[in-house]
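Here is the structure we will look at.
FYI, it's all coordinate maths here, none of it is from the lab. Values in this document were obtained by computation on a predicted structure and should not be read as measured data. Heads up, the Cβs are rebuilt from the backbone with ideal geometry, glycines too, and the neighbour counts pull from every protein chain shown.
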There are 2 protein chains.
Amino acid sequence: MKRSIGVKEILFPNPMCVVGAYDEAGKANMAAIAWAGIVASVPPSVGISVRPSRYTHVCIKRRGAFTISVPSLHYLKEADYFGLASGRDADKLAVTGLTAVRGAFVDAPYIEEFPYVLECAVTHSIEIGSHTLFVGEVKDARADAELFDEQGHVDWAAGQIVCYDMSANSYYSVGENVGKAFSVGAGFLQKGGA
Amino acid sequence: MKRSIGVKEILFPNPMCVVGAYDEAGKANMAAIAWAGIVASVPPSVGISVRPSRYTHVCIKRRGAFTISVPSLHYLKEADYFGLASGRDADKLAVTGLTAVRGAFVDAPYIEEFPYVLECAVTHSIEIGSHTLFVGEVKDARADAELFDEQGHVDWAAGQIVCYDMSANSYYSVGENVGKAFSVGAGFLQKGGA
């Protein structure tokens, strides 16, 4: 038996992302955003949704670039704070002591201490109700060297990457590996599943 | 020290979503998609990216509606299979024995056995390189009644909802609750963080 929670934009899991952009004065601005995800593979593209009222919005509009820095559990407090204060009022990097580094491929800063970084050049800016969906073409993705497993994949559990739950507004750690994608369901193919 | 993985559309975590839509003949089609996320709160909107070559694409285009059914670990094999076969060639619901139910609010079917469902009406259809980003306004979100905690939030860990990792193509369970969002970082506000 299902119970409705009504007309709500809730899905799980969500990534915990800190978006970086430069403001007009060239100051690095960092903001935690609730909504980010992959939107295309050719070109490799991610989408982030930002309210026009946020300081990050004008920064991205002006420079046409942003980064996504994904925190480890160790930096969860800092990342959470980046969603609580505005770069208009606070020097969030100074307060947290974290380091902004200019992107190697785009005109936007990322957080050196966070284990995973995407550098993105804006290709689309789409108004969807309350938010602007900025689509960014990924110019580089990189992770701390010690997070790669033997196959060269990023081990998110080892990196203590967290999931954001917008239902209870909580963060969760990554649990166990429970199966291989495009593989655990292959048994159905033999059952006449084409 | 960071190591580049190049120009790749990788972010973690991603939800595991099965998208439901009716085909021309009115047959329920279910497909696992890699990319889904929230894109706006007013109106509550989700985005899913679908390649034009996929059977789901024409179904959504025609009816202007889709659902997202989120599997529990118990149904991971079935959900994975929905990404391996095409509705053009296989009756995926018959093969898996799962039940398609007509949406209560939109002209699209969802999977009764999966613990979380969104019903969505298409508001935008945006071409982004290889994919079409369909934006859907959420008409209803609901979860199995036993998944709600005492505060009325969905307990994803109790529901054994999985995370999809597109780096290693693996599924992960949800781990521990590691903190409250918009809260664990509040200490920085007292440090002059505005």
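Worth pointing out:
- Computed about the Cα centre, the dipole magnitude for chain A is approximately 780 debye when only Lys and Arg (+1) and Asp and Glu (-1) carry charge, each at its Cβ.
- Mean-square fluctuations from a GNM of chain B, with a 10 angstrom spring cutoff on Cα atoms, peak among B:VAL135, B:VAL39, B:VAL162 at B:VAL39.
- Anisotropy class of the protein assembly as shown from Cα gyration tensor, a/c 1.5 cut: prolate
- For the options A:PHE148, A:PHE66, A:PHE82, a Gaussian network treatment of chain A with springs between C-alpha atoms closer than 10 Å singles out A:PHE148 as fluctuating the most.
- Prolate/oblate/rounded label for the stretch B:18-96 (Cα gyration tensor, a/c 1.5): oblate
- Distance between the stretch B:22-56 and the stretch A:148-194 - C-alpha centres, whole angstrom: 20
- Taking A:SER170, A:SER183, A:SER53 as the candidate residues, the one with maximal mean-square fluctuation in a Gaussian network model of chain A, Cα springs under 10 Å, is A:SER183.
- Prolate/oblate/rounded call for the stretch B:36-149, Cα gyration tensor, a/c under 1.5 rounded: oblate
- Distance violations [Cα-Cα > 21 Å] among A:LYS2/B:LYS139; A:LYS27/A:LYS61; A:LYS92/B:LYS191; B:LYS8/B:LYS180; A:LYS180/B:LYS77: B:LYS8/B:LYS180
- Length gained on full extension, B:VAL7 to B:ALA145: 45.5 nm, using 0.36 nm per residue less the C-alpha separation.
- Net charge of Cβ neighbours under 13 Å - reference B:PHE134; Lys, Arg +1; Asp, Glu -1: +3
- For the stretch A:1-95, the list of trypsin sites (Lys or Arg not before Pro) that fall in a loop by DSSP and count at most 11 other C-beta atoms within 10 angstrom reads A:ARG88.
- Note on the protein assembly as shown: with charges restricted to the Cβ of Lys and Arg (+1) and Asp and Glu (-1), its dipole about the Cα centre is near 860 debye.
- Descending semi-axes in Å of chain A, equivalent ellipsoid built from Cα gyration tensor: 30, 20, 18
- Only Lys, Arg, Asp and Glu carry charge here, each on its Cβ (+1 for the first two, -1 for the last two); on that basis the stretch B:52-133 has a dipole of about 240 debye about its Cα centre.
- Relative contact order of the stretch B:14-193, taken over Cα pairs closer than 8 Å and 6 or more residues apart, is 23 percent.
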